[in-house]
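Some notes on the structure that comes next.
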Ligand code: GLY
Ligand code: MN
């Protein structure tokens, strides 16, 4: 149901909006020229057609429904900026709100697709100058069905013509687990164009990290908030957005895995953990973590811990190649960390025993898995089956993170006091290639020495 239906066809207005006398209304509806949007053909148009064909082949004789979604309320009458559903965009290229992709698969599995979209409002109703959500004079000019069709290489009809989607042979992505699974698993292998998008997202992300270090004086003055804002500026300037809320953990905040409050200070002598990723304009996101010494140089203890996490990450990255289990990177990284923790005298049992999947006591200090798929979503392909993902094997074209960490909570009585409140994670975005792997985020330094040199150069 479109929002216009929910509003009984009335434009979405607010109680404080001025009254619209008939004279104004009539005058507004006249005297406008025609002006087409000049939308070039979308570079993903042909790829999306191939994807739809493959999707349809999985469901002969069925109708597949993939909605773009609509606006989400932030507060009262204020919405978040729209971001289209990942699967919808993957199979259509469309990023406009309130559209629905319908793929009709015939008995042989051949698909016919129509995108039902909400075009810009006509000038013979009030919507274009009164509706805060869809009105052109409030929210901007939406593409017409014709413009969208030309751009996406796909038949586009008005959303009001969406057929009745109730029916036994209809699967809706929002409710159908089987369609969600197939649609997700098809995204595991990234094609060349997607890899370019991810590389771009990583490259812009690297610039955002650099921006943050360049502004270190302000970081020290304003704390975590300055880094969050600085990174966001780069994400908006060159990409679409951040791919997930930035995690800026100064000092003990680094031990909170998803610290997104970013309200704390950045304190000399401590570390700061930055987990940040730019979503590019095709909606592909990077997901990169670096842990930096606030002073620009690591203390001996910080360096020792950092180098242990780096060794674990390196072991994880080296494990990535076609044909190995998805969990190979995790297992390799945990092997290093468990032995490191044993060497520090922290484990209550030998590392070999702790590494037994039925024991895992080392994980008190490692907490999370080492990898997830990356793509249009930061945690990509999330509806794939365990067989295809968690318990599956890596294939050429997969992109995954490798991001081990060590976290010593401030109230952990089982570690020496000097470790309490330290959190370290290092994360890169790794493409599985025929030969092994390629690190898409390699332009950011990883070794403790390289991190120090890089900070020194940027801080001037
Ligand atoms: N970047 C946050 C996460 O991977 O959960
Ligand atoms: Mn991650």
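Here, each number is a calculation from the coordinates, and none is a lab measurement. Just so you know, these numbers come straight off a predicted model, no measurement behind them. Positions of Cβ are generated from backbone atoms using ideal geometry, with glycine treated the same way; all protein chains shown enter the neighbour counts.
Determine the relative contact order of the chain: mean sequence separation of Cα pairs under 8 Å and six or more apart, normalised by residue count, in whole percent. If you can, show how the numbers build up before the last one.
On the way: 918 pairs, mean separation 60.2, N = 460.
Answer for the chain is 13 percent.
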Handout entry: Three-way shape call for the stretch 249-335 based on the alpha-carbon gyration tensor, with the a/c threshold at 1.5
Key = oblate
Handout entry: Where a label projected 7 Å from the Cα of residue 155 along Cα→Cβ would reach, residues of the stretch 99-128 with amide N under 12 Å
Key = 102-105, 111-116
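For the stretch 59-181, what's the relative contact order in percent, using C-alpha pairs closer than 8 Å and at least 6 residues apart? Please list the in-between numbers first.
Working: 221 pairs, mean separation 32.2, N = 123.
This gives 26 percent for the stretch 59-181.
Could you put 242, 260 in order, starting from the residue whose Cβ has the fewest other Cβ atoms within 10 Å?
Values: 242 22, 260 15.
Neighbour counts put them in this order, fewest first: 260, 242.
Could you tell me what percent of the DSSP beta bridges with both partners in the chain are antiparallel, to the nearest 5?
On the way: 40 of 47 bridges.
Roughly 85 percent of the DSSP beta bridges within the chain come out antiparallel.
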Problem - Theoretical gain in end-to-end length, residue 146 to residue 413 [0.36 nm per residue, Cα-Cα removed] - result: 89.6 nm
Practice task
Pop the C-beta distance of residue 73 and residue 352 into the FRET formula with R0 = 60 Å and round what comes out to the nearest 0.05.
Solution key: 0.70
Completion exercise
Per the 1/(1 + (r/R0)^6) rule, R0 = 35 Å and r from the Cβ atoms of residue 35 and residue 438, FRET efficiency to 0.05 is 0.20
Practice task
Using per-residue counts of other Cβ atoms within 10 Å, averaged over each peptide, order 95-103, 433-441 from highest down.
Solution key: 95-103, 433-441
Problem - Percent RCO, i.e. relative contact order, over the stretch 372-460, from Cα pairs under 8 Å lying at least 6 residues apart - result: 22
Problem - Rounded tilt (10° steps) of 224-238 against the dominant C-alpha axis of the chain - result: 50
Exercise for the section: Considering the convex hull of the alpha carbon atoms of the stretch 267-418, report its projected area averaged over all viewing directions, in nm², one decimal. Expected result: 10.7
Exercise for the section: Working from Cα positions, state the angle (0 to 90°, nearest 10) between the long axis of helix 192-214 and the longest principal axis of the chain. Expected result: 60
Problem - Structure-based [θ]222 nm, the chain - -39500 (n - 2.57) summed over DSSP H runs of at least 4, per residue, nearest 500 - result: -9500 deg cm²/dmol
Exercise for the section: Kindly state, as a whole number, the per residue volume in cubic angstrom of the convex hull around the alpha carbon atoms of the stretch 1-96. Expected result: 176
Practice task
Scale the Cα Rg of the stretch 333-415 by the rule-of-thumb value 2.2 N^0.38 Å and send over the ratio, two decimals.
Solution key: 1.30
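What is the extension gain from residue 359 to residue 10, computed as 0.36 nm multiplied by their sequence separation minus the C-alpha to C-alpha distance, in nm to one decimal?
Working: separation 349, 0.36 × 349 = 125.64 nm, distance 6.11 nm.
Full-extension gain reported as 119.5 nm.
Please work out how much length the chain gains when fully extended from residue 261 to residue 297, using 0.36 nm per residue of separation minus the C-alpha to C-alpha distance, in nm with one decimal.
Values: separation 36, 0.36 × 36 = 12.96 nm, distance 2.60 nm.
So the extension gain works out to 10.4 nm.
Rounded, prolate or oblate: pick one for the stretch 352-392, where a ≥ b ≥ c are the square roots of the eigenvalues of its C-alpha gyration tensor, a/c under 1.5 means rounded, and failing that, prolate if a/b is larger than b/c, else oblate. Could you put the intermediate results ahead of the total?
On the way: a/c = 4.15, a/b = 1.96, b/c = 2.11.
Judged from the Cα gyration tensor, the stretch 352-392 comes out oblate (a/c at least 1.5, b/c at or above a/b).
For the stretch 120-165, what does the alpha-carbon gyration tensor say about shape, rounded, prolate or oblate, given a ≥ b ≥ c as the root eigenvalues, a/c under 1.5 as rounded, and a/b over b/c as prolate?
On the way: a/c = 2.58, a/b = 1.53, b/c = 1.69.
It is oblate, given that a/c is not under 1.5 and a/b is not larger than b/c.
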Completion exercise
Longest principal axis of the chain (C-alpha) makes with the long axis of helix 300-318 (C-alpha) an angle, in degrees to the nearest 10, of 60
Handout entry: Proxy reagent accessibility, fewest Cβ within 10 Å first, across 231, 27, 71
Key = 27, 71, 231
